[in-house]
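Scroll down for the structure; my scribbles are underneath it.
The values are calculated or read from the model by the stated rules, or taken from the named source; none is laboratory data. Everything numeric in this text was worked out from a predicted model, so none of it was measured. Backbone-built Cβ (ideal geometry, glycine too); neighbour counts: all protein chains shown. Accessible surface is based on the protein model in full, side chains and every heavy atom, while ligands, DNA and RNA are left aside. Shrake-Rupley method; radii C 1.70, N 1.55, O 1.52, S 1.80 Å.
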Amino acid sequence: MCGVFGIRAPGRDVARVAYFGLFALQHRGQESAGIAVSDRGRVTALRDMGLVSQVFTEENLKGLRGEIAIGHTRYSTTGSTHWSNAQPIVHNGRARTVALGHNGNLTNATALRDELHSVGVRVASTSDSELIAALLANTQAPLEQAVSETLAKLDGAYSCVAIADGQVVAFRDPHGFRPLVLGRIADDWVVASETCALDLVGAEYVRDVERGEAV
């Protein structure tokens, strides 16, 4: 069980909003926490071992500037409890740079790792989450098609938020094993594992992300 959060809100302090979203999702994972932001396509991430309140300070939050942000709190299920597996994981691929937070487990992780290795793509972590980021980052297609092709290769449970091509992308596995909800703060979109995160950041619940849907 992990917590994921994402927001697209030009003009807002998105890192701070993500911080409070993760604070509300702390019960979903206490091993590590992280936030990634995109500022006109430039991705910056801060992640470390520990609780949300331990990882982030007023000073380092000020350094995370952008118009979109994603965040993650981790409870390890696949991959060791180690900094390299903290999320959001950032993967610089042949097609794009992707920052990704994942809640769930892939049952075909070994096959995916072998597939990536066969085409010369290396992953730095032992978690299955970077495999999703690597597939998305190395798929030479427009983003919407790249997401579709990536999801077609995944087996297991996944609710993910990602930054790619200056956008926030969120998607859920066809069985809906892990929760994912969509909300709004005025005209700005928010996505989170649970509605408690929406409540804390002042967002209105819109609906659940459907099984097998990408938004």
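Each residue of region 34-48 was assigned a 3J(HN,Hα) from its phi angle through the Karplus expression (A = 6.51, B = -1.76, C = 1.60, θ = phi - 60°), giving x, 9, 10, 10, 10, 10, 6, x, 8, 9, 10, 10, 10, 8, 6 Hz with x at Gly and Pro.
What is the local net charge at Gly166, summed over the other residues whose Cβ is closer than 15 Å to its Cβ (Lys, Arg +1; Asp, Glu -1)?
On the way: positive: Arg8, Arg40, Arg42, Arg65, Arg96; negative: Asp39, Glu67, Glu144, Asp165.
Combined, the nearby Lys, Arg, Asp and Glu give +1.
Given +1 at the Cβ of Lys and Arg, -1 at the Cβ of Asp and Glu and no other charges, the dipole of region 56-215 around its Cα centre is 400 debye to the nearest 20. Shape of region 50-119 from the C-alpha gyration tensor: oblate (a/c of 1.5 or more and a/b not above b/c, with a ≥ b ≥ c the square roots of its eigenvalues).
Centre-to-centre separation between the Cα atoms of region 176-199 and those of region 1-61: 15 Å. P(r) tail, the chain: Cα-Cα pairs separated by more than 33 Å, 6% of all pairs. For region 161-214, treating each Cα as an identical point scatterer without solvent, what Debye log10 I(q)/I(0) comes out at q = 0.25 1/Å? One equal scatterer on each Cα of region 161-214 leads to -0.99.
Per-peptide packing, taken as the mean over residues of other Cβ atoms within 10 Å, places 178-186, 15-23, 100-108, 56-64 in the sequence 15-23, 100-108, 178-186, 56-64 from highest down. Note on region 118-178: with charges restricted to the Cβ of Lys and Arg (+1) and Asp and Glu (-1), its dipole about the Cα centre is near 80 debye. For region 137-194, what class follows from the C-alpha gyration tensor (a ≥ b ≥ c being the square roots of its eigenvalues): rounded when a/c is under 1.5, otherwise prolate if a/b is larger than b/c, else oblate? Verdict is oblate for region 137-194.
So if I place +1 on the C-beta of Lys and Arg and -1 on the C-beta of Asp and Glu, and nothing else carries charge, what would the dipole magnitude of region 44-137 be about its Cα centre? I want it in debye, nearest 20. The calculation lands at about 160 debye. Overall shape: oblate for region 1-127, with the ratio a/c of the largest to smallest alpha carbon gyration tensor axis at 1.5 or above and b/c at least equal to a/b.
Candidates Leu151, Ala162, Leu112 compared by Cα position along the dipole of region 47-184: farthest toward the positive end lies Ala162, with charges placed on Cβ.
Taking every Cα-Cα distance in region 110-215 and sorting them into 10 Å bins starting at zero, the pair-distance distribution P(r) comes out as 14, 42, 32, 11, 2 percent. Taking all protein chains into account, the per residue accessible area for the chain stands at 43 Å² (1.4 Å probe). Of the residues Gly3, Ala203, Ala95, the one whose Cα sits farthest toward the positive end of the charge dipole of the chain, with +1 on the Cβ of Lys and Arg and -1 on the Cβ of Asp and Glu, is Ala95. Counted by Cβ distance under 13 Å from Asp188, the other residues give a net charge of -1, where Lys and Arg count +1 and Asp and Glu count -1.
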